[in-house]
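Remarks on the structure that follows.
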């Protein structure tokens with residue numbers, strides 16, 4: 001019995017040795033990205049929701065860092081399904097690639113807002129709230145306001161972001177028009193028809209669990 005207790009203590013110590021560095025890493029990761037997206041939002045708003053070299057670099061850093069979230073999900077460090085994380089990250093990284101290629105005057109607009117402006121607002125606000133919420137969870141001090149914002153604002157921000165992404169894809173298609181490119185981009189646009197309802201439905205189900213339960 002004594003030997004069993006000693007073994008259990010050793011296993012607990014080893015488990016803590018793994019948990020504490022991982023938790024410290026996730027706290028650092030979430031806090032840095034919350035600050036990064038906040039800085040990007042404030043800077044671009046002061047700049048008329050336009051990108052310059054600094055803000056484009058910051059956008060690339062913040063968004064490419066999200067690739068790590070697929071690894072976090074695979075390792076089960078977070079509760080997100082790996083496939084859901086992969087779909088969200090892949091669509092954004094693809095749009096980010098197009099943003100790096102498009103000139104400032106090439107973006108399509110809707111109701112006076114360009115696709116770039118839409119995604120800058122939608123992505124930034126979403127990520128500031130999301131990373132701040134995750135940070136509070138890691139401290140075991142889940143914030144009720146952040147939880148409400150996390151599972152409520154997406155109702156408007158998600159469609160806003162998807163609209164911006166579609167406008168950016170259309171902008172790219174018009175600027176670099178070719179048969180092959182149009183076929184590829186057309187297929188990507190069709191994928192939004194399939195994946196958007198699934199992702200939106202997933203978030204609504206999460207809202208029912210977290211807020212309305």
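The values are calculated or read from the model by the stated rules, or taken from the named source; none is laboratory data. Note that the structure is a prediction, hence the values are computed from the model and not measured. All Cβ positions, even for glycine, are placed from backbone atoms using ideal geometry, and neighbour counts span all protein chains on display.
Could you look through region 161-171, keep only residues that are out of contact with any strand residue (DSSP E or B) (no Cβ under 9 Å at 6 or more places or on another chain) and under 22 Å from residue 62 (Cα atoms), and pick out the one that is surrounded by the most Cβ atoms within 10 Å (Cβ to Cβ)? Looking at the filtered set, the residue picked out is 165.
In region 132-145 there is no residue that is at pLDDT below 95, in contact with a strand residue (DSSP E or B) (Cβ under 9 Å, 6 or more places away or on another chain) and either outside any helix (DSSP H, G or I) or closer than 19 Å to residue 30 by Cα (or both).
If you go through region 131-149 and keep only what is within 18 Å of residue 205 (Cβ to Cβ) and in contact (Cβ under 8 Å) with a residue 24 or more places away in the chain, you end up with 147, 148. Might you let me know whether region 133-140 holds any residue that is more than 29 Å from residue 20 (Cα to Cα) and touching a helix residue (DSSP H, G or I) at 6+ places or on another chain (Cβ under 8 Å)? Taking every residue of region 133-140 in turn, none turns out to be more than 29 Å from residue 20 (Cα to Cα) and touching a helix residue (DSSP H, G or I) at 6+ places or on another chain (Cβ under 8 Å). Looking only at region 173-204, residues that are loosely packed, with under 10 Cβ neighbours inside 10 Å and under 30 Å from residue 150 (Cβ atoms) come to 2 in all. Do we have residue 154 as surrounded by 16 or more Cβ atoms within 10 Å (Cβ to Cβ), under 17 Å from residue 96 (Cβ atoms) and touching a residue at least 12 places away in the same chain (Cβ under 8 Å) here? So residue 154 fails the test. Cβ-Cβ distances below 8 Å connect the following pairs, each with a first residue in region 176-191 that is more than 13 Å from residue 166 (Cα to Cα), a second residue that is surrounded by 13 or more Cβ atoms within 10 Å (Cβ to Cβ), and a separation of six or more residues or different chains: 181/173; 182/173. On the given criteria, is residue 89 in contact with a helix residue (DSSP H, G or I) (Cβ under 9 Å, 6 or more places away or on another chain), modelled with pLDDT of 95 or more and surrounded by 14 or more Cβ atoms within 10 Å (Cβ to Cβ)? So residue 89 fails the test. Name the residue that is nearest to residue 58 (Cα to Cα), counting only residues in region 93-112 that are surrounded by 14 or more Cβ atoms within 10 Å (Cβ to Cβ) and free of Cβ contacts under 8 Å to residues at least 40 places away in the same chain. Residue satisfying both the conditions and the ranking: 96.
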